[in-house]
Amino acid sequence: MSILRYTNKFLAGNIFGRALRHVACRTYSEGEEVPPVHLGQNERILFSMSLEDIRSIRHGLEIKSGDRVFTLASGGGNAITLLLDDPAEVVALDFSIPQLHLAKLQSACIKYLSYQEFIDFVGVKNMEPEERVRIFNSIKGALEADVREYWNANTSDINQGIINCGDFEHRFKIFAENAMNVALSPNQMETFLSMGDDMNEQRRYFKDVIDGEVFRRAYRRLGYWTFKGTNTDIMPALDYPNIFLQHFLNKVKTTPMNQSYFMEFIFTWKHGVLTPLREYLQEENFDVLKDRIGRMKWLHGEMMNYFKTFPTLNQPKFDAMGLSNVTDLMTLSNHNTTLRAAAKVVKQHGNILFLCVKGLPKTWPEDLVGSAVVIEHDKVKECSEMDRAFFWEDIQVAKVL
Ligand SMILES: C[S@@+](CC[C@H](N)C(=O)[O-])C[C@H]1O[C@@H](n2cnc3c(N)ncnc32)[C@H](O)[C@@H]1O
């Protein structure tokens, strides 16, 4: 282990080393604790909302009515949204108990609350903290005991609205208040985030009014806050502030701002004022989700080990599988091992999709392509073009052979 650490330190010292170090890391074995990549991983809620565009993910997964789907739980929002495609079951895995507690509380809200109570409680708009606690008390009897205990002990997260309580959401609050708020006037922000029906107009406004040294300096803080405290043994210390800025400068030419709820939240720390709400928070989808919420199956476990042990579980294979950007939090060898194991638990013609954070592109292991999966190049292009988030490499989609 100490030789590995020494090698990692040596490799970290030069630019080629950073890439090599990815390869040099070993594969951890079954049951072994996965090295944390983010501060507080598995100890508290890091992501209370997803930064992945569920519209692209649904397009890539091609879920059909009656399918059995695999996804990551995260905060629950994106996993629950998959119910809109009418799968028979969505298995949502996470190795973080607090993330699962959040996902389960969101499910219970959909099951037991009215639409208005649901969105007010979770934190779409401001609500008196006492009122949120009153709503929580009205449904907590329906929660599993450990979920209830967790939320009983974390009322401050309920007070602020559970979709706003994650570590990353708090980082974005700092970004919104201390960077964007300073770089742009309220009027500029509102005008810019409302644009997109006419992309020529958006491009012109961005170039003439928004873009400039002050905006760029501020925007770089997004990359800084996002990667602050990341374990660079796994996610190499790249120049994320500039990588994120360059990606934004490219994507803003083609992505309508008025459709990107990600950017509304990150720039203003608000939901649904200038852009539509996330799909699972939209009123038109509420009754369908309420009807189907019983199809969610929340599972605790580590993804690579889950796939490896899947054959012993005697369960039907999945029809579609979304891996989120989980393999960003793995060494390259574990990324490859995970994808090889994933391909074995998805049915023939089922799609597997994964994301990589901008700057850290990963692909399918060579030995898999053509023998176990075929890369869906058209889907990759379409999903990536549709992507309303500003953080990802091209979205990877392949079909199992
Ligand atoms: C990859 S994270 C990133 C957040 C995601 N990009 C989003 O926008 O929501 C999503 C979830 O995966 C979980 N996770 C990460 N690595 C995992 C693993 N190896 N096995 C199981 N869950 C994992 C995290 O706890 C987190 O809740």
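The values are calculated or read from the model by the stated rules, or taken from the named source; none is laboratory data. All of these numbers come straight from a predicted model, not from anything done at the bench. Neighbour counts are summed over all protein chains in view; Cβ atoms, including those assigned to glycine, are modelled from backbone coordinates with ideal geometry.
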Legend entry - Flag if HIS335 is exposed (fewer than 14 other Cβ atoms within 10 Å of the Cβ) and outside the structural domain of ASP239 (by TED's automatic domain parsing): no
Legend entry - Those residues of the stretch 341-357 which are within 22 Å of the chain's Cα centre (by Cα) and surrounded by fewer than 20 Cβ atoms within 10 Å (Cβ to Cβ), in sequence order: ALA341, CYS356
Legend entry - Enumeration of residues in the stretch 169-208 that are part of a helix (DSSP H, G or I) and in contact (Cβ under 8 Å) with a residue 60 or more places away in the chain: GLU169, PHE172, LYS173, PHE175, ALA176, GLU177, MET180, MET189, GLU190, PHE192, LEU193
Inset, instruction - Please find, within the stretch 40-63, the residue that is farthest from the ligand (Cβ to nearest atom) out of those that are buried (at least 21 other Cβ atoms within 10 Å of the Cβ) and over 14 Å from the mean Cα position of the chain (by Cα). - result: ILE63
Legend entry - Selection status of GLN106, modelled with pLDDT of 95 or more and in contact with a Gly (Cβ under 8 Å, 6 or more places away or on another chain): yes
Legend entry - Pairs with Cβ under 9 Å, 6+ apart, first in the stretch 273-290 and on the phi > 0 side of the Ramachandran plot, second in a loop (DSSP other than H, G, I, E, B): none
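Would you please name the residue that is nearest to the ligand (Cβ to nearest atom), looking only at residues in the stretch 386-401 that are in contact with a His (Cβ under 7 Å, 6 or more places away or on another chain) and outside any helix (DSSP H, G or I)?
PHE390
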Legend entry - Of all residues making up the stretch 61-108, the number that are among the hydroxyl-bearing types (Ser, Thr, Tyr) and part of a helix (DSSP H, G or I): 2
Inset, instruction - Identify, from the list ARG58, ARG148, ARG134, the residue that is among the charged types (D, E, K, R), within 30 Å of ASN351 (Cβ to Cβ) and part of a helix (DSSP H, G or I). - result: ARG58
Inset, instruction - Return the total of residues in the stretch 266-279 being surrounded by 23 or more Cβ atoms within 10 Å (Cβ to Cβ) and among the aromatic types (Phe, Trp, Tyr). - result: 1
Inset, instruction - Please give the number of the condition ILE243 fails out of (1) among the aliphatic types (A, V, I, L, M); (2) in contact with a Leu (Cβ under 7 Å, 6 or more places away or on another chain); (3) at pLDDT 95 or above. - result: (2)
Inset, instruction - Return the total of residues in the stretch 213-257 being outside any helix (DSSP H, G or I) and within 28 Å of PRO276 (Cα to Cα). - result: 5
Legend entry - Residue ranges of strands (runs of 3 or more DSSP E) in the stretch 301-385 with at least 1 members within 11 Å of the ligand (Cβ to nearest atom) and touching a residue at least 12 places away in the same chain (Cβ under 8 Å): 318-322, 346-354
Legend entry - Restricting the stretch 103-124 to residues that are more than 26 Å from VAL91 (Cβ to Cβ) and free of Cβ contacts under 8 Å to residues at least 40 places away in the same chain, the residue that is surrounded by the fewest Cβ atoms within 10 Å (Cβ to Cβ): SER114
Inset, instruction - Hey, could you check the stretch 112-140 for residues that are among the charged types (D, E, K, R) and over 28 Å from GLN41 (Cα atoms) and say which is nearest to the ligand (Cβ to nearest atom)? - result: GLU117
Inset, instruction - Kindly list, by first and then second residue, each pair from a residue in the stretch 73-95 that is within 10 Å of ARG292 (Cα to Cα) and modelled with pLDDT of 95 or more to a residue that is surrounded by fewer than 24 Cβ atoms within 10 Å (Cβ to Cβ) and of a type in the set (Asp, Glu), limited to pairs with Cβ atoms under 6 Å and residues at least 6 apart or on different chains. - result: PRO87/ASP67
Inset, instruction - Check THR226 against each of (1) closer than 24 Å to ASP239 by Cα; (2) of a type outside the set (Gly, Ala, Ser); (3) at pLDDT 95 or above and name the one condition it does not meet. - result: (3)
